[in-house]
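Undergrad: Here's a structure for you.
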Amino acid sequence: MPNLSWLKFLRHYGPVPRNDNMYDETIQRSARRQGIAPIKFEHPAEAEIVNCFSHATVDPVSVILTGTAGDGKTHLCRQIWRALKGAEDEWASDSPYLTLESRYPKDRTIWPESDDPTLYRSIKIHFIRDLSGWAPQQGAEWETEKEELLQRCCRSIFAPDTDEIFLIAANDGQLIESWRRLQETDHVKRTRQVFEELLVEDKRQQSGVRLKFFNLSRASSAELFDRAIAAFLQHPGWQELMEGTPGENEVFGPKCPIRHNYELLQNELVRSRLRALLELCDYNGLHVPIRQILLLLTNSVLGHPDAKDHLMVPADVPKIIAAGTVSRASLFNNIFGGNLSAIRRQTITIFDYLERFQIGFETSNRIDNILIFGEGDEHLGPYFNEFLVNDQFYGADSRFHASKLDYIEGTNESEDGASEFMQMLVSQRRGLYFKIPKNKEEELGLWELTVFKFSGEYLDYVLSVVRNQGIVKRPIVSRLVKGLNRVFTGMLINSDRDLYLATGGNNSQAKISRLLLEQVSVEPSKGEKIIIRFDGTSGRVVLSVFFAHDISVDFNLTLIRYEFLSRVALEGALPASFSKECYEDLLAFKSQLIAAYMRRQAREQATEGSAIGLKLLALTDQGMPDQKFIEIIP
Amino acid sequence: MSAQLQPLLPPDTLEQSSSMWVDEAIWGHRLYDEQLPWMVLLEFLNVFYHEVEKSRAFEEPNGLNMLKYKAAHRLYLRNILFNNPHLAEIRLNYPNDSNRWDEWFKRMKSATGITHPQFTYLKVHFHSFDDFCEVVSLIRSTSLEVNSNKRWTSKFVFPYGKECLYEDLDNTATTNDRRFFGRTGELLYLMLCRTQHKQALLTALTSRLSMTDSTWNSIIKCLQPTDDEQIGGDRANAFLPYAHHPSFDELAEDWLAILRLNIPGFDVFPHLTNLAGLHLVKYQLGVSRQVLGMTSPLSLVCEVVAPKKTLVREISCDFYQENNLLPAQAVEAFITNIEMGTDWQQALTEHDAFEKCKKILQDKARWGEDYDGSSDPQQLITSLRQAAMKRHRQHVANIHRNYGREIGLVSKRGTIKLRYAPTDALLKTLLFANVENRIELHQLLEKLHRRYGLVFGDKEAERVLAKDEFDKKAFQANSRRLEQRLASVGLLKRLSDGCAYVINPYRVEAG
């Protein structure tokens, strides 16, 4: 009999109802109780954060850990506590506020070789590991000593000679809110200003302020995913299950969906496709916290719509096998929260984000032809076999065949029958997203399975190129420039060699802008150029328009904007729903470009000409810009 | 707002027209519903440029309500732009350049309102008739209310500069007409004369206007002969009944905030226009409440449009309805105040009561000369009431609705009833005027409530609504929708749960 405690424990990470406040503590406690090691891996920023309190830091500095729920704030606090040799039982207490004495060298430039106590001074470290649990409820008054402590905190970050420092973990909203409720002294005001500045500008420190500010929500979800999935898959619990040599219909036996899902997650292709989704989230400005990644992994392995809480427990497995509903435990469907009710799914961040890709609902004729008519077809048959027949678990089972036949022959005209088949198609399309191999990506139009048709290109030909200081292929840049031109002029312009900056005369944001201000060359020319590059400090892909070698404007090229511009360039328009935000962003970009252009013009020696020149933009039948120059003599 | 109103009396020089003086006594001469905010701004600019030239802008050197100015007619320009359907046809039918000019000059001999029209001066400004046509079409495309079917004498070119300003004229283009220049722009000017910020505003406005690109103003100048001297007669008789009012200062503060931003060129005008409209509405409602002796501040509960009917929508409709009735109630109260006043009560006891009362009404409301009903003071004042309400309803009563709709505050979107449901454009204007750099969303909501009475979120709603009417969830959802809308137009940065910053992209320190 396999050791099942791991599977029972794993549920804690899944989408089960619970009190979210002390999540990390709860997990730690039940892990201790059940004698199981929790999933553990190093946070990408851990070393840097712990080093703020180690020999790497000679001059003591306060640290604020902020981020959204599940970003690992408490976990990181514990790592620091341990590194500083804080007592375990103190940590295990419920108190959100702890203190610790630590020593720092008196000479604040170097750690002495010697252990001579006279060389050191004592510094008190205040751990506020859960600010929201410690600060008074909204509307309630501060207790005097707590208020006093935070006032001291504010003073200490500006005082060079401080003998106390702080480590505060809080989500950003609570942080600002708590500070707003403090008595408004100069230090409080200044500190709040600093917090705001660091938060909004995404910075870690400010000169003259003894504070390091880590916003964990700025960590790359893809990087967190890599670490999380490795720790998840390598957990010894899985090995123990294997070693239990389970029988055919038992948990973790050869027919067990949990085991199959676990094995699928080990599959390189599945993993890379899942990672791609998280990476695309990053580049759409959506951050996925660690807790959500673990939830995703757990749900994808344990999910089944018929089980309690929609997560399988070991006892469910033989029943599911007997009932023939193994296919409903499909990892491909679980990844999108397909095992959960729609209402539950919408409240979970990761599923909300993944839903935006519309995987399962987006499709192409080719894909649907394979799924519906592929069986036995001369051309499509091989694909049908490869992706559906060969998948013993989640491919074309007897239910699928029967439903498909009903659908094609139209024998079952009831709504239920058709909608059941539609549901299966959704699952199968989701499966295809994870099964189509890299070398068939283009041929089968893999990314047509998502809302973002250009996301494959974005990942392979933009992101990975610019991250390695490469140059993005010319056709891609040209397409984006064409998209920009169409938005900037409001005309179906086809030019992609120059960027056309035009206004409506009285309104820089006019829908149709015929008055040409300037053309900026895409190819480098007299300081002008347009490039796509990676901005290391913000970790973003940006499109940079250079007016001169020292005048340029950056545009954060998120996935959604990339998609928008690409579609505008190729199709001329977009469905209204996702175009408005992008459209506004582009108009704002245009304003910035016009301002930059004005800056450059201000440097030019204006010729005191008598005539007024206007450049009017019209289009030829081919959509090429046709400039007309008009001169007015005053 | 609750301070006692101390209305001014019209100066003796004010034209003693025979018309009634009730709406005017309360709000001024006058608020006019057909003059939409853009026209208000244009009229204002006419006054402003004139007074700047006389070096007395925002001063009332001859005393309150003694404003006197002249406005240009610019009939050459207006004939070319708005009374000239020939260009396309001439380009098509006349192949060579000089033919085209000749034919056009010939046709323009019949230009309206100009004695001996002579357009040949244009030729020196353009290389070809074609160029001329292009320029005309460009200017037309940016003129205000391009697609309206107003008479040509009421069409206006965008106010690129002084050369673009002129007054509304009647059909024959001879005398000024108060149809679309109904003095509301003059009122706006007087309001700004009477704010404590007038010096700062004068500096900001003149420097902003001088900073704008002069190209278009120069081009428009080229469309006019150098000797176009046609100027209207003196425009006088504007009247604003208060020497001070908080709404004057608030308007000035908002204009100042907008003028300080780095908004490119002429993009400031739509914001100034929206704010002028909003503050005129606020002025009208605020004064109404004061006349009615209401002490609580004005509230406008706004729905951020939801896909389905919501509680907020219903409440917003109710507030709209209530506010919409305020001006009419103020008119009632104004007349009741006369009736309850000592003069009237005294007159009633005297033997020639009717004649005395009639005299009182003639003095206070300029009404009663033509009254031919029974000689009963009660009957007399009832007739005034009816006449005043009838007159009020024709124009002044519609300011709240018409201006509200025009600036994007009031809307019927998704329903058949009007309510407060601000458009993105108005939200942007409000944000630019109230966010210097960045503030948290809930602070902005608080500020919008404090300064304009706008209610979006639950905190503000709780203060305004009765307990049984207040639904926290509905208003939380409302402010969440606002948050999404602001994010979708790129003006909001969401950090994590419960923390969102509203950002002004044109903030002053930005390059």
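The values are calculated or read from the model by the stated rules, or taken from the named source; none is laboratory data. Note that this is a predicted model, so its numbers are computed, not measured. Note that each Cβ is placed from the backbone with ideal geometry, even for glycine, and that neighbours are counted across all protein chains shown.
Undergrad: Does region A:175-188 hold any residues that are part of a helix (DSSP H, G or I), within 14 Å of chain B (Cβ to nearest Cβ) and surrounded by fewer than 19 Cβ atoms within 10 Å (Cβ to Cβ), and which are they? Walk me through how you get there before you give the answer.
TA: Within region A:175-188, the first condition is being part of a helix (DSSP H, G or I), and the residues that meet it are A:175-180, A:186-188.
From the residues that got through so far, the ones that are within 14 Å of chain B (Cβ to nearest Cβ) too are A:175-180.
Correct list: A:180 only.
Undergrad: Here is a further query. Select from region A:158-174 the residues that are of a type in the set (Gly, Ala, Ser) and not in a strand (DSSP E or B) and write down the one among them that is modelled with the lowest pLDDT. Break it down into steps so the answer makes sense when it comes.
TA: Step one: of region A:158-174, the residues of a type in the set (Gly, Ala, Ser) are A:159, A:169-170, A:173.
Okay, now just the ones that are also not in a strand (DSSP E or B), so A:159, A:173.
Details: A:159: 89, A:173: 84.
So, considering only residues that are of a type in the set (Gly, Ala, Ser) and not in a strand (DSSP E or B), the one modelled with the lowest pLDDT is A:173.
Undergrad: Is there a residue in region B:164-183 that is more than 13 Å from residue B:82 (Cα to Cα) and within 14 Å of chain A (Cβ to nearest Cβ)?
TA: Within region B:164-183 (the criterion being more than 13 Å from residue B:82 (Cα to Cα) and within 14 Å of chain A (Cβ to nearest Cβ)), the answer is yes, since at least one residue qualifies.
Undergrad: Moving to a separate point now. Within the group A:169, A:219, which residue is in contact with a strand residue (DSSP E or B) (Cβ under 8 Å, 6 or more places away or on another chain), within 14 Å of chain B (Cβ to nearest Cβ) and among the small types (Gly, Ala, Ser)?
TA: Numbers: A:219 fails: in contact with a strand residue (DSSP E or B) (Cβ under 8 Å, 6 or more places away or on another chain).
A:169 is the lone residue from the list that is in contact with a strand residue (DSSP E or B) (Cβ under 8 Å, 6 or more places away or on another chain), within 14 Å of chain B (Cβ to nearest Cβ) and among the small types (Gly, Ala, Ser).
Undergrad: Taking region A:590-609 as the search range and keeping residues that are within 36 Å of the chain's Cα centre (by Cα) and hydroxyl-bearing (Ser, Thr, Tyr), which one is modelled with the highest pLDDT?
TA: So, considering only residues that are within 36 Å of the chain's Cα centre (by Cα) and hydroxyl-bearing (Ser, Thr, Tyr), the one modelled with the highest pLDDT is A:597.
Undergrad: Another question about this same structure. Being farther than 30 Å from residue B:22 by Cβ, of a type in the set (Asp, Glu), more than 14 Å from every other protein chain (Cβ to nearest Cβ) and in contact (Cβ under 8 Å) with a residue 24 or more places away in the chain is the filter here, so list the residues in region B:209-255 that pass it.
TA: Scanning region B:209-255 gives B:228, B:253.
Undergrad: For residue A:433, indicate whether it is among the aromatic types (Phe, Trp, Tyr), surrounded by 16 or more Cβ atoms within 10 Å (Cβ to Cβ), under 26 Å from residue A:340 (Cβ atoms) and not assigned by TED's automatic domain parsing to the domain that holds residue A:275.
TA: Spelling it out, residue A:433 is indeed among the aromatic types (Phe, Trp, Tyr), surrounded by 16 or more Cβ atoms within 10 Å (Cβ to Cβ), under 26 Å from residue A:340 (Cβ atoms) and not assigned by TED's automatic domain parsing to the domain that holds residue A:275.
Undergrad: On to the next question. Identify all residues within region B:124-155 that are closer than 30 Å to residue B:234 by Cα and more than 12 Å from chain A (Cβ to nearest Cβ); write none if there are none.
TA: B:145, B:148, B:149, B:150, B:151, B:152, B:153, B:154, B:155
Undergrad: Another question, if that's okay. If we scan region B:446-461, do we find a residue that is in a strand (DSSP E or B), away from every other protein chain (no Cβ under 14 Å), surrounded by 16 or more Cβ atoms within 10 Å (Cβ to Cβ) and among the β-branched types (Val, Ile, Thr)?
TA: Yes, the conditions are met somewhere in region B:446-461.
Undergrad: Kindly indicate whether residue B:158 is in the same structural domain as residue B:255 (by TED's automatic domain parsing), within 27 Å of residue A:633 (Cα to Cα) and of a type in the set (Phe, Trp, Tyr).
TA: When the stated conditions are applied, residue B:158 passes them.
Undergrad: Moving to a separate point now. Keeping to region B:256-278, report how many residues are away from chain A (no Cβ under 14 Å) and free of Cβ contacts under 8 Å to residues at least 60 places away in the same chain.
TA: Of the residues in region B:256-278, 2 are away from chain A (no Cβ under 14 Å) and free of Cβ contacts under 8 Å to residues at least 60 places away in the same chain.
Undergrad: Please work out which residue is surrounded by the fewest Cβ atoms within 10 Å (Cβ to Cβ), limiting yourself to region B:301-316 and to residues that are within 26 Å of the chain's Cα centre (by Cα) and of a type outside the set (A, V, I, L, M, F, W, C).
TA: From region B:301-316, those within 26 Å of the chain's Cα centre (by Cα) are B:301-305, B:316; that's our starting set.
With the extra rule that they be of a type outside the set (A, V, I, L, M, F, W, C), the set shrinks to B:303, B:316.
Details: B:303: 29, B:316: 26.
It comes out as B:316.
Undergrad: Residues of region B:165-189 being crowded, with 23+ Cβ neighbours inside 10 Å and not in a loop (DSSP other than H, G, I, E, B), which ones?
TA: Passing the criteria: B:169, B:184, B:185, B:186, B:187, B:188, B:189.
Undergrad: Out of region B:129-164, which residues are outside any helix (DSSP H, G or I) and surrounded by fewer than 16 Cβ atoms within 10 Å (Cβ to Cβ)? Working first, answer last.
TA: Filtering region B:129-164 down to residues outside any helix (DSSP H, G or I) leaves B:142-151, B:155-161.
Matches in region B:129-164: B:145, B:146, B:147, B:148, B:149, B:150.
Here is a yes/no grid of residues against (1) in a helix (DSSP H, G or I); (2) farther than 18 Å from residue B:220 by Cβ; (3) within 14 Å of another protein chain (Cβ to nearest Cβ):
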site	(1), (2), (3)
B:81	yes, no, yes
B:85	no, yes, no
B:99	yes, yes, no
B:107	yes, yes, no
B:122	yes, no, yes
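Undergrad: Looking only at helices (runs of 4 or more DSSP H) that fall completely inside region A:322-405, which ones have 3 or more residues that are crowded, with 21+ Cβ neighbours inside 10 Å and under 33 Å from the mean Cα position of the chain (by Cα)? Show your work before the answer.
TA: Details: elements: A:331-334, A:342-346, A:349-355, A:365-373, A:381-384.
Fully inside region A:322-405 and qualifying: A:331-334, A:349-355, A:365-373.
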